[in-house]
Protein chains: 2
Amino acid sequence: MAYDGTAYHGWQVQPGLATIQGILEEILSGIEGKPVHVMGSGRTDAGVHALGQVAAFDITNPIPPDNLRRAVNRLLPEDIRVFDVRETALDFHPRYHAVAKTYEYRVARGEICLPFERRYVHHHPYPLDAAAMALAARCLEGTHDFSAFAAADDRDELGLSKMRTVFSSALFDQGDRLVYRIRGSGFLKHMVRNIMGTLIEVGKGNLDELGMLSLLGSDWNRKAGPRAPARGLFLMSVEYPPASTLSRAGTLPSSG
Amino acid sequence: MAYDGTAYHGWQVQPGLATIQGILEEILSGIEGKPVHVMGSGRTDAGVHALGQVAAFDITNPIPPDNLRRAVNRLLPEDIRVFDVRETALDFHPRYHAVAKTYEYRVARGEICLPFERRYVHHHPYPLDAAAMALAARCLEGTHDFSAFAAADDRDELGLSKMRTVFSSALFDQGDRLVYRIRGSGFLKHMVRNIMGTLIEVGKGNLDELGMLSLLGSDWNRKAGPRAPARGLFLMSVEYPPASTLSRAGTLPSSG
């Protein structure tokens, strides 16, 4: 799925608030004729966008997947789109079975942020040392304790490991645009936005590569940069081992 | 200037409605301390976007152009941006001195329209013969009577010539995206959207190249296609002869 997170209070259902999960559940429950629970690959915060979110649900309605995709897209608001619907193994779980996720964060550096991009980039029209940011970004690759980049309200959850593996972490300098891409086994709440805020501090000269390294494995009270705004962040893709997404269509026809 | 036309009732001031001209006049009047009239290169309809609109105004405030640009951008909403402010000859008129304008119209053809593009393309997820559309688009080049493509409420304005010169008219097939670009000496109200609606009829097989040719110079009651939606249309640029935009800064300092 893709969504423009601007108008939503994030992925997760919250009573009385518009959320992606809430709208999907409403539409699928209408199609099924009884409550349907939708599980996502993970939550996205209020205002964060997605180009490759993955969700799963159980229904008994024998509607073929392609027809379900078309029906859901007709019922969804234009700022949420479903690219693909397919049958999976019965035990497929979009969160537990995910082996990697990729996020992108986009920073517009020019004096002027185009009106058409204003919801989809963080506009930072001040000097940034992109080369220093790229070096600091690379430091995050590997398996580390990311406590310093956890959300404030997550930091005191003792006993829950903050160890995560980052497969790649790279900053691309496209002139007026900086794109930061991070692929990892899993992410703590606010982790990517806290990393991006810290990289911006590096770009401003307030922190260097060594300062970034010292945050890894450090106590939660070490100072990471401020959390970067939601609008620049996109969940790009979620990866699964081939087996868990095997369609059941070959052995169990989707329509009765 | 660039603007996202989604939230506006077009360029032109209308009492009680948000318009681009209205917001600019309000901001510039505040800076000048008395009413300032802003002239545009032409009106854009409600919902139409711009990447290269040009406007002019007279002020006596000696603020240097670069500072004025920054001040105006700070005061404008994020969906309107001013790229450049410069002094011109005293008699410069953004409409009368314009020698060419370029518009682009964007059609998204795939089943899914990305949420991030939904305000900036016309989504047409049905088959279109892009090659036939490209041939028909070329027919419009040259000097013709465009009455058949005028707005309905403009068609009975007798005595006003509907002759216009189109320098280039081309459709580009980019796969999931069709881009139509037209550059001309001037355009009638709704002309580009009526042309685009007619090209879509060609793409659907309801009209061919000869049908398009027969509309040129024809009576207003010949059937052009329905007007295409505003959201796909962008005013890309307005061109002036070099002399009319010569800065006076060389001979008459802008400040004090």
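The values are calculated or read from the model by the stated rules, or taken from the named source; none is laboratory data. Predicted model, so just to flag it, every value in this text is computed and none were measured. Note: ideal-geometry Cβ built from the backbone for every residue, glycine included; neighbour counts use all protein chains shown. Side chains are part of the model used for accessible areas, which takes the heavy atoms of the whole protein and leaves out ligands, DNA and RNA. Shrake-Rupley method; radii C 1.70, N 1.55, O 1.52, S 1.80 Å.
Summary table
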item: Shortest-first distances to equivalent copies, position B:Leu135, nm, label 7 Å out along Cβ; result: 6.1
item: Area buried, chain B against chain A - accessible surface, total, 1.4 angstrom probe, square angstrom; result: 2000 Å²
item: Environment charge at B:Gln53 (Cβ cut-off 11 Å; Lys +1, Arg +1, Asp -1, Glu -1); result: +3
item: Residue mean of other protein chain beta carbons inside 10 Å, B:116-124; result: 3
item: Debye equation applied to the C-alpha atoms of segment B:100-237, log10 I(q)/I(0) at 0.22 Å⁻¹; result: -1.42
item: Local electrostatic count at B:Arg95 - Lys and Arg +1, Asp and Glu -1, tallied over other residues with Cβ under 14 Å; result: +1
item: Cα gyration tensor shape for the protein assembly as shown, rounded if a/c is under 1.5, else prolate or oblate; result: oblate
item: Degrees separating the helix B:65-75 axis from the principal Cα axis of chain B, which is the longest one; result: 70 degrees
item: Under 15 Å from A:Lys189, Cα to Cα: aspartates and glutamates that are on another chain or at least 8 residues apart; result: A:Asp45, A:Asp145, A:Asp153, A:Asp154, A:Asp156, A:Glu157
item: Whole-Å distance, taken between Cα centres, linking segment A:69-133 and segment B:42-57; result: 30 Å
item: Among A:Leu128, A:Leu140, A:Leu178 the positive-end extreme of the charge dipole of segment A:100-237 (Cβ point charges); result: A:Leu178
item: Whole-percent carbon and sulfur share, accessible surface of chain A, 1.4 Å; result: 54 percent
item: Local electrostatic count, B:Met236, Cβ distance below 10 Å [Lys/Arg +1, Asp/Glu -1]; result: +2
item: Heavy atoms of A:His37 accessible to a 1.4 Å probe, total area in Å² rounded to 10; result: 120 Å²
item: Residue-normalised accessible area of the protein assembly as shown, given per residue in Å² at a 1.4 Å probe; result: 47 Å²
item: Ranked order, B:Thr44, B:Thr88 - accessible area, probe 1.4 Å, largest first; result: B:Thr88, B:Thr44
item: Crossing angle, helix B:191-203 versus chain B [Cα axis fit, 0-90 degrees, rounded to tens]; result: 30 degrees
item: 0 to 90° range, to nearest 10: angle between helix A:20-32 axis and chain A longest Cα axis; result: 10 degrees
item: Accessible area (Å², 1.4 Å probe, nearest 10) - A:Asp84; result: 80 Å²
